[in-house]
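Peer 1: If you scroll down you'll find the structure; I have some questions about it.
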Amino acid sequence: MKGYGRGPDGELSELALSIVPGEVFEVSEKFKIETELIHGGVDADVSGAATAVPIVQSSAFAYQSAESLENVFAGREAGFVYTRLGNPTLMALERRMAVLEGGIGSVACSSGMAAVNTVAAALTGAGDEIVSSSSVFGGTYSLFSRVLKRQGVKTSFVNATDPDAYKAAITDKTKMIFVETIGNPRMDVPGIRGIADVAHEAGVALVVDNTLTTPVMLRPAELGASIVVHSLSKYVNGHGNTIGGVIVDAGTMDWSNGRYAHIDETMGRAGQMALLAYLRTQVHRDMGCCLAPFNAFLLLMGVESLAVRIERQCFNAAAAAARLGDLVDAGAIRYPGLEEHPDHETARDQFGGLFGGLLTFRAGSRDRAFAFINKLKCIRNLVNLGDARTLAVHPASTFCRDLSDEERLAMGVTDDLVRLSFGLEHIDDIWNDLEQALKE
Ligand SMILES: *Cc1c(COP(=O)(O)O)cnc(C)c1O
């Protein structure tokens, strides 16, 4: 697979060979995901003999002669130029995420929101439309409904789990369908394949935010997603020590289908690599939401243990969900692993027998939710998720505070709602903490 992009001076070139991952390494199909987490995409040409990927903490890259730097700028030679455009440590993370998601390449971003914003900027412009699940991360909801709206991009929010609702909302201006794999905090689980069928039929790119499930539970590209985005700040990092994001291109979208003239006209010659080339040499380069090499290093360290962490986190969440009905109204517990959950079967089919590390419950009132959080001893009260520590948060007063009452209710955020993100501690200790904090 060969890729082409534009050099920094706009020349169509093979510059992207070094900085657009995908064509410079073989995507191996020979390893299971647990192994790819540790080895995928990174070999001697990235790390030399070092087993940990070196942190190349350099803004720019020097060349032996004026001619070679000119060649790189003209796109006649491949090479790193400036860390906003590409960097060896970032490339290692980009290759690994591309392998894990079964994509042809990826672009690392400074945060999950940077990834969502950058992909939206690549696909849409003033006058265009997005069709989004209404069950999305608060920042994404606010980006679509406020920031992008002001820039002239309209978003229709639809019932996350109903493919017909996505279909009905598509117009000839729709450039992106956006969905998350588990709604947070609503905990609904859209069937990705059904939505992908709708997207394919209309020729619209389907962007799936796989943050909550990670490639350990789900590879959206296998179910028809065109692009996969992540907040790497959560499970992939796993230790609450950096934020980061990534855009992975599945390589399956036909950018010449008439809907994406802005990509096709500038990058059409790159074929399958057109979006990556467009991101790398225009949108991502110009928006500047690049990840720091040191943060990429932390993410590469975190991702190695992702599979064992996710398994433990899902186990802890499922164990607590099964018993929590002893302490709170059983009908007020939302966890896709519970048989009563309306999307239980979708989750079972899609997530390989795991059901995620998050659950929500209703404490009965805002006061009781606060009292519960205040009594916790080992569980931490903060807005992150996917951390090694078990975390509790009251969404209505924190990350959903900005939303109107109607918007909050539409997202399933009642005033008494508590969200728990299960960590790696022993379930007995987590349970004892929950029990003492919920007992009157
Ligand atoms: C946290 C999160 C984001 C935003 O990621 P940041 O790294 O915090 O910017 C986007 N989507 C989902 C599903 C998230 O959980």
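The values are calculated or read from the model by the stated rules, or taken from the named source; none is laboratory data. Here the structure is a predicted model, which means the values were calculated and not measured. Quick reminder, even Gly has a Cβ in these numbers, built from the backbone with ideal geometry, and neighbours come from all protein chains shown. Just the protein is used for accessible areas: all its heavy atoms, side chains included, with ligands, DNA and RNA removed. Shrake-Rupley method; radii C 1.70, N 1.55, O 1.52, S 1.80 Å.
Peer 1: Spin-label point model (7 Å from Cα, Cβ direction): what's the D254 to K149 distance in nm?
Peer 2: Distance between the two pseudo-spin positions: 3.5 nm.
Peer 1: Now a separate question. So what does D415 come to for accessible area, using a 1.4 Å probe and Å² rounded to 10?
Peer 2: Around 80 Å² of this residue is reachable by solvent.
Peer 1: Can you give me the angle between helix 192-202 and the longest principal axis of the chain, using Cα atoms only, in degrees from 0 to 90, rounded to the nearest 10?
Peer 2: Long axis of 192-202 versus the principal axis of the chain: about 40 degrees.
Peer 1: If you roll a 1.4 Å probe over the heavy atoms of the protein chains, what accessible area per residue do you get for the stretch 246-396, in Å²?
Peer 2: I get 42 Å² per residue for this part.
Peer 1: Using only alpha carbon positions, build the gyration tensor of the chain, then give the equivalent ellipsoid semi-axes as the square roots of 5 times its eigenvalues, largest first, whole angstrom.
Peer 2: 38, 25, 18
Peer 1: Ignoring ligands, DNA and RNA, what percent of the accessible area of the stretch 274-336 is carbon or sulfur (1.4 Å)?
Peer 2: Carbon with sulfur: 55 percent of the solvent-accessible area.
Peer 1: Using 0.36 nm per residue of separation minus the Cα-Cα distance, give me the extension gain between E339 and A322 in nm, one decimal.
Peer 2: Net length gain for the segment: 5.1 nm.
Peer 1: Further question on the same structure: Can you tell me how much longer the chain between A261 and A330 gets when fully stretched, taken as 0.36 nm per residue apart minus their C-alpha distance, in nm with one decimal?
Peer 2: Separation in residues times 0.36 nm, less the Cα-Cα distance, equals 19.7 nm.
Peer 1: If you don't mind, there's one more thing I want to ask. Excluding residues on the same chain fewer than 8 positions from K439, give the lysines whose Cα lies under 18 Å from its Cα.
Peer 2: In chain and number order, the partners are K375, K377.
Peer 1: Nearest 0.05, what FRET efficiency do A49 and F294 give at R0 = 30 Å with Cβ-Cβ as r?
Peer 2: That pair, A49 with F294, gives E of 0.90.
Peer 1: Something else now. Is it possible to state the helix-based mean residue ellipticity at 222 nm for the chain, with each DSSP H run of 4+ residues giving -39500 (n - 2.57), the sum divided by total residues, to the nearest 500 deg cm²/dmol? What is it?
Peer 2: -10000 deg cm²/dmol
Peer 1: Calculate how steeply helix 112-123 sits against the longest principal axis of the alpha-carbon atoms of the chain, using the helix alpha-carbon long axis, and give the answer as 0 to 90 degrees to the nearest 10.
Peer 2: Between the helix axis and the principal axis of the chain, the angle is about 50 degrees.
Peer 1: Could you please state how large a percent of the accessible area of the stretch 45-124 is carbon and sulfur, counting protein chains only and using a 1.4 Å probe?
Peer 2: Of the solvent-accessible surface of the stretch 45-124, carbon and sulfur hold 54 percent.
Peer 1: So for each of 253-260, 235-242 I average, over its residues, the number of other beta carbons within 10 Å; can you give me the resulting order with the highest mean first?
Peer 2: 235-242, 253-260
Peer 1: When the accessible area of the stretch 337-440 is split by element with a 1.4 Å probe, what percent falls to carbon and sulfur?
Peer 2: The nonpolar share, carbon plus sulfur, comes to 46 percent.
Peer 1: Sticking with this one: Which order do you get for F351, F294 if you rank them by accessible area with a 1.4 Å probe, largest at the top?
Peer 2: F294, F351
Peer 1: Assuming 0.36 nm per residue, please report the length gained on full extension of the stretch E406 to H200 beyond their Cα-Cα distance.
Peer 2: My answer for the length gained is 70.9 nm.
Peer 1: For the pair D428 and K32, how long in nm is the line joining their label points, each one 7 Å along Cα→Cβ?
Peer 2: Between D428 and K32, the label points sit 2.9 nm apart.
Peer 1: Now a separate question. Considering only the chain, what is the antiparallel percent among its DSSP beta bridges, to the nearest 5?
Peer 2: 55
Peer 1: Using the heavy atoms of the protein chains alone and a 1.4 angstrom probe, what is the accessible area of the stretch 53-181 per residue in square angstrom?
Peer 2: With the other protein chains kept in place, the stretch 53-181 gives 36 Å² per residue.
Peer 1: How about K32: which lysines have a C-alpha closer than 28 Å to its C-alpha, ignoring those fewer than 8 places off in the same chain?
Peer 2: K2, K234
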